[in-house]
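The values are calculated or read from the model by the stated rules, or taken from the named source; none is laboratory data. This structure is a prediction, so every number in the text was calculated from the model and none was measured. Here the Cβ positions follow ideal geometry from the backbone for every residue, glycine too, while neighbour counts run over all protein chains shown. Remember, those area values only see protein heavy atoms, side chains included, never the ligands or the DNA or RNA. Shrake-Rupley method; radii C 1.70, N 1.55, O 1.52, S 1.80 Å.
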Amino acid sequence: MESLIAATALFLGMHWIVSGSPLRGVIVARTGEGPFKAGFALIIAVSIVWMGWAYAHAPYVETWGTAAGFKPLSWILMALAFVLFGASATAKNPTTLGSVPPDQVQARGIVRITRHGGLFGLGLWGLAHFLVNGDWASHLLFGSFAFQGLIAPLNLDRKYRKRYGAAWEVFARQTSYLPFVAILQGRNRLVLHEINWIAVLVGLGLFALTLAYHQAWFGASPF
């Protein structure tokens, strides 16, 4: 269990202590933006592989056990996660690794619904597994992903607000952190034809495939 704790601490620490704090600016000033991003991506990849290995070898210490009653809810959360992954993968969005400045973007498609589609999908994926798997190793692994996916967007908003100033505020007013909030508040509207439906269907197809082969691939039945 100590190995899993260390791996999740590295994963979260890199996001919150290094990338999500003033320490990032100090490191970038010494290394440059490109080397920082490359090093960060490498360490995150290592931490995720380590988390998976440590989880597979962690002892089973039960909390509430397998919550079979939550499995139908987990299917819904996972389907939404795959839809968000698919729809946001091709969307032009400044929150996707800072790939485009906010003053060059108008919130369209999935970005009208949420400016953090990929992260929110990660959070739903983590939450779906956290609810069903009632043991401490699962809480550490899936809880880390749920926390990163659902809470990290708030820190990203803060970081981009500081970096881009008024340009970020203009973009942020067009969309929202929580899905559909900007639309419900009248700051935007839902335009279905702007959504990449091919990407959505690919996401749903991958969800169905994962559901069908979950037992073979991961050793646990989603049913």
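In table form, for the structure just shown:
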quantity: Hits in the stretch 118-142 (condition: in a helix (DSSP H, G or I) and more than 12 Å from the chain's Cα centre (by Cα)); calculated: Ala128, His129, Phe130, Leu131, Val132, Trp136, Ala137, Ser138, His139, Leu140, Leu141
quantity: Residue among Phe207, Phe223 that is aromatic (Phe, Trp, Tyr), within 27 Å of Ile48 (Cα to Cα) and not in a helix (DSSP H, G or I); calculated: Phe223
quantity: Exclusive hit being open to solvent by 80 Å² or more (accessible area, probe 1.4 Å), under 30 Å from Ala54 (Cβ atoms) and among the hydrophobic types (A, V, I, L, M, F, W, C), set Phe218, Phe145; calculated: Phe218
quantity: Hits in the stretch 87-110 (condition: aliphatic (A, V, I, L, M) and surrounded by 15 or more Cβ atoms within 10 Å (Cβ to Cβ)); calculated: Ala87, Ala89, Ala91, Val105, Ala107, Ile110
quantity: Top-ranked residue of the stretch 58-86 - restricted to ones that are under 18 Å from Leu209 (Cβ atoms) and aliphatic (A, V, I, L, M), ranked as surrounded by the most Cβ atoms within 10 Å (Cβ to Cβ); calculated: Leu84
